[in-house]
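Visitor: Take this structure first; my questions come after.
What follows draws every value from the coordinates through simple rules; no lab data is involved. None of the values given here were measured: they were computed from a predicted structure. Cβ sites come from the backbone with ideal geometry, for glycine too, and all protein chains shown count toward neighbours.
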Amino acid sequence: MRRLIPVFDLDGTLVDSDAALRAPFAALGVDPDSVPLGLPLAAACELAGVRVDDYLAAYDSAEVHPFAGVEELLGRLDRWAVCSNKARASGVAELNRLGWRPEVALFSDDFAGRPKELNPVLDALGLTPDSVVFVGDTDHDRTSARAAGVPFALAGWNPRPAPESGDVVLHHPLDVLSLLDR
């Protein structure tokens, strides 16, 4: 039996950050509902017509909190990684603030502002697509998993995501553990 390594999206998957992600747009005079969650920051700011630096100046990471059960899950994992469309500076700051130490953490900056890609995470971990599972909360996450040939699981503990046919839906972070032994 082998053990799969989980790779997680950050916002909306490990942390409840919807309000924190929307607040800077509101502070900059943009209707936050006009900007979809899950986009790379540069793309979201371009869509909203604001500068990335202005967005980051208004972003408050103290408003970001782990979903219930995530701390316990991460404490039970030997290896795990993060692949996120979040800007590296704020992503690393949040990981540090929370005391989380993934083996690999790649962010939007690592993908030259393009949507996240799992292949660089796999390369950094020294793993193949059948050795990991990607846990996320958006269509972007599902698309990233499919593009890399990686199994996808929906973070159903976040009430916002809409499952698609064929999705593995996890209802609590600890449900991730049931996917890891293959």
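Visitor: Determine ³J(HN,Hα), in whole Hz, for all residues of the range 61-77 in sequence, where each value follows from phi through the Karplus function 6.51 cos²θ - 1.76 cosθ + 1.60 and θ = phi - 60°; x replaces Gly and Pro.
Guide: For the range 61-77, the Karplus curve yields 5, 5, 8, 9, 9, x, 5, 4, x, 5, 4, 5, 4, 4, x, 9, 9 Hz.
Visitor: Taking the Cα centre of the range 18-58 as the origin, how large is its charge dipole in debye, to the nearest 20, when only Lys and Arg (+1) and Asp and Glu (-1) carry charge on their Cβ atoms?
Guide: On the way: 2 positive and 6 negative charges, 9 e Å.
With only Lys, Arg, Asp and Glu charged at Cβ, the dipole is about 40 debye.
Visitor: I would also like to ask the following. Relative contact order for the range 18-58: what is it in percent, counting Cα pairs under 8 Å that are at least 6 residues apart?
Guide: Numbers: 29 pairs, mean separation 17.0, N = 41.
RCO, the range 18-58: 41 percent.
Visitor: Pairs of alpha-carbon atoms within less than 8 angstrom and 6+ residues apart define the contacts here; what relative contact order does the range 39-182 have, in percent?
Guide: Working: 173 pairs, mean separation 29.6, N = 144.
Answer for the range 39-182 is 21 percent.
Visitor: May I pose another question? Name the residues whose placed amide hydrogens come within less than 5 Å of the amide hydrogen of VAL133, ignoring near sequence neighbours (fewer than 5 apart) on the same chain.
Guide: ILE5, VAL7
Visitor: Next question, about the same structure. Starting at the first residue of the range 172-177, write each ³J(HN,Hα) from the Karplus equation 6.51 cos²θ - 1.76 cosθ + 1.60 with θ = phi - 60°, in whole Hz, x for Gly and Pro.
Guide: So the J values, rounded to whole Hz, are 8, x, 5, 4, 4, 4.
Visitor: If you don't mind, there's one more thing I want to ask. How big is the convex hull of the Cα atoms of the range 18-58, per residue, in Å³?
Guide: On the way: hull volume 2.3 nm³, N = 41.
Spelled out: Cα convex hull of the range 18-58, divided by residues, is 57 Å³.
Visitor: On a full-extension model of 0.36 nm per residue, what is the gain between THR143 and VAL52, subtracting their alpha-carbon distance, rounded to one decimal in nm? Don't skip to the answer; put the middle values down first.
Guide: Working: separation 91, 0.36 × 91 = 32.76 nm, distance 2.46 nm.
This chain segment gains 30.3 nm when fully extended.
Visitor: Taking a quarter of the surface of the Cα convex hull of the chain, what do you get in nm²?
Guide: Working: hull surface 38.6 nm².
Across all orientations, the chain yields a mean hull projection of 9.7 nm².
Visitor: If amide hydrogens are placed 1.01 Å from N in the peptide plane, which non-local residues have theirs closer than 5 Å to the one on ALA105?
Guide: Amide H neighbours of ALA105, under 5 Å, 5+ apart: VAL82.
Visitor: In 5 Å bins starting at 0, how do the alpha-carbon pair distances of the range 53-127 split up by percent?
Guide: Calculated P(r), rounded to whole percents: 3, 14, 23, 24, 20, 11, 4, 1.
Visitor: Restrict the search to the range 25-93; then list the trypsin sites (Lys or Arg not before Pro) that DSSP places in a loop and that have at most 16 other Cβ atoms within 10 Å of their Cβ.
Guide: On the way: sites: ARG51, ARG76, ARG79, LYS86, ARG88; in loops: ARG51, ARG76, ARG79, LYS86.
Sites meeting the loop and neighbour criteria: ARG51, ARG76, ARG79.
Visitor: Another question, then. Apply the Karplus curve 6.51 cos²θ - 1.76 cosθ + 1.60, θ = phi - 60°, to the phi angles in the range 120-129 and return the couplings in whole Hz, x for Gly and Pro.
Guide: Those phi angles translate into x, 5, 4, 4, 5, 7, x, 10, 9, x Hz.
Visitor: When ranked by the protection proxy of mean other Cβ atoms within 10 Å per residue, highest first, what sequence do the peptides 109-117, 163-171, 129-137 form?
Guide: Going by the mean number of other Cβ atoms within 10 Å, highest first, we get 129-137, 109-117, 163-171.
Visitor: Related question: With point charges of +1 on the Cβ of Lys and Arg and -1 on the Cβ of Asp and Glu, referenced to the Cα centre of the chain, which listed residue (THR128, VAL104, VAL150) lies farthest in the positive direction of the dipole?
Guide: Value computed over the given set: THR128.
Visitor: Between PHE67 and residues 5 or more places away or on another chain, which pairs have amide H atoms under 5 Å apart, with H built 1.01 Å from N, and which residues are they?
Guide: VAL15, ASP16
Visitor: Rounded to the nearest 20 debye, what is the charge dipole size of the chain about its Cα centre when +1 sits on each Lys and Arg Cβ and -1 on each Asp and Glu Cβ?
Guide: On the way: 16 positive and 28 negative charges, 97 e Å.
Dipole of the chain, to the nearest 20 debye: 460 debye.
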